[in-house]
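Visitor: What follows is a structure written as structure tokens; I'll ask about it next.
The values are calculated or read from the model by the stated rules, or taken from the named source; none is laboratory data. Remember, it's a predicted structure, so these values are computed and weren't measured experimentally. Don't worry about glycine lacking a Cβ; one is built from the backbone with ideal geometry, like all the others, and counts go over all protein chains shown. Side chains included, ligands, DNA and RNA excluded: accessible areas come from the protein's heavy atoms. Shrake-Rupley method; radii C 1.70, N 1.55, O 1.52, S 1.80 Å.
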Amino acid sequence: NELMADPDPAVGLPNKEYVEIFNASNKNFNLNGWKLTDGTSTATLGNYLLLPGQYLILCAISDTGLLSSYGHVMGLSPWPSLNNSGDNIILYSDASVKIDAVNYDLSWYKNTSKDDGGWSLEQINPFLPCSGIDNWQASNNTSGGTPGQVNSVFSNAADTSKPYMKKIKILT
């Protein structure tokens, strides 16, 4: 739902990376055994019941104290470091089912004055799955992000764009 890949130079938030997850469903999820990966390193989440409509900030264990004032926090080790210019972050359930993924890059900020650090990428509508760059942009919050709370760019507007074929592959 939100990620701080390049916290330096800090705008107002702690100079620390984080990934915020949001339960957009009406179900409770025990995150014990879930995994967060960037493809290079993988962290296993601990026992935590994520309630409907609840946010959880994931960060390195050493950064939990700095981010705990913003909301519910879970420290992870190893922390899958977020590449500043782009990365592929995936969240898996304890049964290895892909729950969500984001493959961001600098163009997702949509603002060249914010893509050099200190600003988080926020999902515009967390209820629209699989929408890529069209559903993300740099935070508008004066502190550089909104960990643990509704995103500053939030909109629950419906997706009105028509689907289109991006690729076709013929198997023989």
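Visitor: Would you please name the residue that is farthest from L3 (Cα to Cα), looking only at residues in segment 109-140 that are buried (at least 20 other Cβ atoms within 10 Å of the Cβ) and in contact with a Pro (Cβ under 8 Å, 6 or more places away or on another chain)?
Guide: This residue is G118.
Visitor: Restricting to segment 142-172, name every residue that is open to solvent by less than 100 Å² (accessible area, probe 1.4 Å) and modelled with pLDDT under 70.
Guide: Within segment 142-172, A157, A158, D159, S161 meet the criteria.
Visitor: Something else now. Please determine, by comparing only the residues of segment 97-146 that are of a type in the set (A, V, I, L, M) and touching a residue at least 40 places away in the same chain (Cβ under 8 Å), which one is farthest from L13 (Cα to Cα).
Guide: Of everything passing the filter in segment 97-146, I99 is farthest from L13 (Cα to Cα).
Visitor: Can I ask one more? Would you pick out the residues in segment 76-122 that are among the acidic types (D, E), under 25 Å from Q149 (Cβ atoms) and in a loop (DSSP other than H, G, I, E, B)?
Guide: Answer for segment 76-122, where residues must be among the acidic types (D, E), under 25 Å from Q149 (Cβ atoms) and in a loop (DSSP other than H, G, I, E, B): D115, D116.
Visitor: For segment 66-75, how many residues are part of a loop (DSSP other than H, G, I, E, B) and open to solvent by less than 60 Å² (accessible area, probe 1.4 Å)? I'd like the intermediate steps shown before the answer.
Guide: Here is the first cut: in segment 66-75, the residues part of a loop (DSSP other than H, G, I, E, B) are 71-72.
Going one step further and asking which of them are open to solvent by less than 60 Å² (accessible area, probe 1.4 Å), we end up with 71.
Of the residues in that region, 1 qualify.
Visitor: Does D100 satisfy the condition of being of a type in the set (D, E, K, R) and either modelled with pLDDT of 95 or more or exposed (fewer than 14 other Cβ atoms within 10 Å of the Cβ) (or both)? Steps first, please.
Guide: Details: of a type in the set (D, E, K, R): yes; either modelled with pLDDT of 95 or more or exposed (fewer than 14 other Cβ atoms within 10 Å of the Cβ) (or both): no.
So D100 does not fit the description; no.
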